[in-house]
Amino acid sequence: MTKSVVIVGGGLIGLATALLLNERGAEVTVVDHAKLGGGAARGNAGFMCTTLLEPLAAPGAFKSALTSLNDPTRALRMHARAIPGMLGWGMHFARSCTNERYNAGRVSLAKLNQRGPEALALLGTLGATVALDGQLVVPFHDPAVAADYLARLTPMADFGVTLPTGLLDGNELRKIVPALTDHITSGYVVPNDRSIDPRVFVDSIIEALRARGVTLIEDAPVISVGHANRRVNSITTAKGTLTFDEIMLSAGAGMRPLGRLFGLRVPIVPGQGYNVGLPVNAGLQNPVIFEEAHAVATPFADRIRLGGTMEFDGDHPRFDQRRVDAILASLRKYLNLEWDGSFDTWSGSRPMSADGLPMMGRPRDFENLILATGHGMFGLSLTPASALALSELIIDGTSSVNLGDFNPDRFRLRK
């Protein structure tokens, strides 16, 4: 029998899962409170990473967040007004910022993403535009920091991660990225980490879904939920009532208020990021991560996108031009670009879990509901593998990837 599935949330995860479900024969409806592909789906840095995946909850991160209360230029920034609404989340975050939990989280992400390239190729056969651009470059001012960072990546080889072949000096890096300044002394190339234009990727999935006749409903926030006997029977939106066999919630940074309608407390908070465009430059044809500055630069056909920062400012983050200025100022030391030509400043929120890992799976309170959220800064990178695992879970009842580390019940969910 054909299984009917409603996906609430038309971001990266929801759209890609819908496409894979449709291919498996499900009758899929995607409903979003705003426009499909909004939020961070089109505004991210465009990195498709298999190597550089790590939880935000890293050693020192909690202390850095507290220090940022008095420093608006820090890459990780917390506002005082956000603290009351983040107390429970913050306690989980603080407990997760240990070496043991951080390293375990890196392993979990690596295992999840082992099927990422395969899943991306599958999305390509179904109509998504999945062509990847140049290899990722990671340059450093300080060669000691570069060597230490590469050493921390080395254990990940045991979990299928392809490591850089070794450190390059500044001149070797400038042969690959001529726009790098003379202050760059060392770094490396990550062969399997590349970039993709997220705008093209998202729009191509939406086009593929429309061509397949998948029902797509925009500007339809969920108003109420009907449920009984551990099953969700229906949802009523601003555009009508939907019934289904299965429902998946993938509403990104809006998961917490959506979860309340289902009687769930979903510990996700918005983590705001920023980007700004600069004119294209022949000297920058590869995506670049500046670990020392916690910022990135990605070349697209119509711009170089500079991005970075993680800002916690409550459920309705305010735009702060100082965050954009800080990105521009920090990258001037690393890149020779047309700095006076900036345009299209953007900000948007990512769904952040307290331990830095996604929440994927069935909460014990409902038999036919799946949560898919908390992918944080790696939503694009983790989309193919997550969508494949979620589609298998919905159709087959189990996933070929062990989702135990992403169990949504690892946090308390009931209100």
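Readers should treat all values here as calculations from the given coordinates under stated rules, not as data from a laboratory. Here the structure is a predicted model, which is why all the values come from computation and not from measurement. Cβ atoms come from the backbone with ideal geometry, glycine included; neighbour counts cover every protein chain shown.
May I ask you to list the aspartates and glutamates whose Cα is less than 13 Å away from that of LYS239, ignoring any residue fewer than eight positions away on the same chain?
Cross-link targets: ASP32, GLU218, ASP219.
Could you give the nm distance between label points at VAL145 and SER399, where each point is 7 Å from its Cα heading toward the beta carbon?
3.4 nm
If you average the sequence gap of Cα pairs under 8 Å that are 6 or more apart and divide by the length of the chain, what percent do you get for the contact order? Walk me through the intermediate numbers first.
Working: 910 pairs, mean separation 106.3, N = 415.
Reported as a whole number, the value is 26 percent.
Hey, what did the stretch 42-196 get for relative contact order, percent, Cα under 8 Å, at least 6 apart?
Values: 188 pairs, mean separation 49.6, N = 155.
Reported relative contact order: 32 percent.
Report, for the chain, the % of DSSP beta bridges that are antiparallel, rounded to 5.
Numbers: 47 of 66 bridges.
Looking only at bridges with both residues in the chain, the antiparallel portion is about 70 percent.
Count neighbours as other Cβ atoms within 10 Å of each site's Cβ, and list the trypsin sites (Lys or Arg not before Pro) in the stretch 317-380 that are DSSP loop with at most 16 such neighbours.
Working: sites: ARG318, ARG322, ARG323, ARG332, LYS333, ARG364; in loops: ARG318, ARG332, LYS333, ARG364.
Those that pass, being in a loop and sparsely packed, are ARG318, ARG332, LYS333, ARG364.
Can you list the residues, at least 5 places off or on another chain, whose amide H is less than 5 Å from the amide H of ILE268, using H built in the peptide plane?
ARG256
Which helices count as membrane-span-like in the chain under these terms: full DSSP H, at least 15 Å along the axis by C-alpha, Kyte-Doolittle mean of 0.5 or more? Write down the numbers at each step before the final one.
Numbers: long enough: 12-23 (17 Å, 1.58); 99-112 (20 Å, -0.75); 143-153 (16 Å, 0.74); 198-211 (20 Å, 0.66); 321-331 (16 Å, 0.28); 379-396 (24 Å, 1.18).
Flagged H segments are 12-23, 143-153, 198-211, 379-396.
Taking the alpha-carbon centroid of each part, what is the distance from the stretch 162-189 to the stretch 220-246 in angstrom?
Measuring centre to centre over Cα atoms gives 53 Å.
Under 15 Å Cα to Cα from LYS3, which aspartates and glutamates show up? Leave out anything in the same chain fewer than 8 places away.
GLU23, GLU27, ASP245, GLU246, GLU367, GLU392, ASP396
Scan around GLY374 for amide H atoms under 5 Å from its own, H built in the peptide plane at 1.01 Å from N, and keep only partners 5 or more places away or cross-chain.
Under 5 Å from the amide H of GLY374: MET359.
Net charge near PRO279: determine it from the other residues with C-beta under 10 Å of the C-beta of PRO279, scoring Lys and Arg +1 and Asp and Glu -1. Mind showing how you got there, number by number?
Values: positive: ARG303; negative: ASP302, GLU338, ASP340.
Here the charged neighbours net out to -2.
Using the Cα centre of the chain as the reference point, and only Cβ charges (+1 on K/R, -1 on D/E), how large is the resulting charge dipole? Debye, rounded to the nearest 20.
Numbers: 40 positive and 40 negative charges, 245 e Å.
For the chain, the charge dipole is close to 1180 debye.
Classify the stretch 59-101 from the C-alpha gyration tensor, please: rounded if a/c falls under 1.5, else prolate or oblate depending on whether a/b exceeds b/c. Show your work: numbers first, answer last.
Details: a/c = 3.35, a/b = 1.28, b/c = 2.62.
Taking the square roots of the gyration eigenvalues as a ≥ b ≥ c, the stretch 59-101 is oblate.
Gap in Å between the Cα centre of the stretch 97-155 and the Cα centre of the stretch 331-399?
Using only Cα atoms to place each centre, the spacing works out to 14 Å.
Read phi for every residue in the stretch 248-261 and hand back ³J(HN,Hα) as whole Hz from Karplus 6.51 cos²θ - 1.76 cosθ + 1.60, θ = phi - 60°, with x for Gly and Pro.
In residue order, the calculated couplings are 10, 9, 9, 8, x, 5, x, 5, 5, x, 5, x, 4, 5 Hz.
Got a sec? Charge dipole of the stretch 58-208, +1 on Cβ for Lys and Arg, -1 for Asp and Glu; which of ALA119, TYR188, ALA94 is way out at the positive end?
Final value for the positive-end residue is ALA94.
Among the aspartates and glutamates, which have Cα under 16 Å from the Cα of LYS333 when same-chain residues fewer than 8 positions away are ignored?
Those aspartates and glutamates meeting the cut-off are ASP142, ASP182, GLU291, GLU292, ASP325.
Please list, ordered by chain and number, the residues whose modelled amide H lies under 5 Å from the amide H of ARG77; skip anything fewer than 5 residues away on the same chain.
Placed amide hydrogens put MET310, GLU311, PHE312 under 5 Å from ARG77.
If each residue's Cβ is checked for other Cβ atoms within 10 Å, how do THR373, THR298, THR241, THR236 rank with the fewest at the top? Kindly include the intermediate steps, with their values, before the conclusion.
Working: THR373 32, THR298 26, THR241 11, THR236 15.
The fewest-first ordering by Cβ neighbours comes to THR241, THR236, THR298, THR373.
With θ set to phi - 60° and the Karplus curve 6.51 cos²θ - 1.76 cosθ + 1.60, what are the ³J(HN,Hα) couplings of the stretch 348-357 in order, to the nearest whole Hz, using x for Gly and Pro?
Here the 3J(HN,Hα) series is x, 9, 9, x, 10, 8, 6, 9, x, 10 Hz.
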